[in-house]
1. Ignoring ligands, DNA and RNA, what accessible area per residue does the chain give at 1.4 Å, in Å²?
2. Give me the log10 of I(q) over I(0) for the stretch 33-83 at q = 0.13, 0.18, 0.19, 0.30 Å⁻¹, as the Debye formula computes it from C-alpha points; what are the numbers?
3. What is the diffusion coefficient of the chain in µm²/s, taking the Kirkwood radius over Cα pairs and the Stokes-Einstein relation at 25 °C with a viscosity of 0.890 mPa s?
4. How far, in degrees from 0 to 90, does helix 21-30 lean away from the longest principal axis of the Cα atoms of the chain, to the nearest 10?
5. Got a sec? Which residues in the stretch 31-45 would a label at GLU25 touch, if it sits 7 Å along Cα→Cβ and we count backbone N under 18 Å?
6. Enumerate the calculated ³J(HN,Hα) couplings along the stretch 2-19 in order (Karplus 6.51 cos²θ - 1.76 cosθ + 1.60, θ = phi - 60°), each rounded to whole Hz, writing x wherever the residue is Gly or Pro.
7. Express in nm, to one decimal, how much length is gained between ASP69 and ARG52 on full extension, taking 0.36 nm for each residue of separation and deducting their alpha carbon distance.
Amino acid sequence: LHQAYDAAGVTFVGVSFDEDAAAIEAFRQTEPVPWRVFLGRELAETKFAVSRIPCLMVIDRAGKLAAVDVPPRELKAVFHRLLDWP
């Protein structure tokens, strides 16, 4: 999905609850992902009410939370709705 929607301006980011940046970098060496990964359990919990991971969220172009805990199979439909695609 990252490759398919990148040109449409969809940005993917990850948030890790890990406190150790080295652990994230080690993970990214074995499982490379093309998006940024941030550390920040406190931020995720307080700003977005994330209490468990994984948790997929979609933020719209205005920076507003558009969907929370989106099942991966439903991401395309959410993107199409937000991008106003058929």
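1. That works out to 76 Å² for each residue.
2. Those come out to -0.35, -0.67, -0.74, -1.27, one per q.
3. Using the Kirkwood radius from Cα pairs, D works out to 174 µm²/s.
4. Relative to the chain, helix 21-30 is tipped by roughly 60 degrees.
5. The answer is 31-40.
6. 3J(HN,Hα) across the stretch 2-19, in whole Hz: 4, 5, 5, 10, 4, 5, 7, x, 7, 10, 9, 9, x, 10, 9, 7, 5, 9.
7. Stretched fully, the ASP69-ARG52 segment lengthens by 5.1 nm.
The values are calculated or read from the model by the stated rules, or taken from the named source; none is laboratory data. Since the structure is predicted, the reported quantities are computational estimates derived from the model, not experimental observations. Don't worry about glycine lacking a Cβ; one is built from the backbone with ideal geometry, like all the others, and counts go over all protein chains shown. Remember, those area values only see protein heavy atoms, side chains included, never the ligands or the DNA or RNA. Shrake-Rupley method; radii C 1.70, N 1.55, O 1.52, S 1.80 Å.
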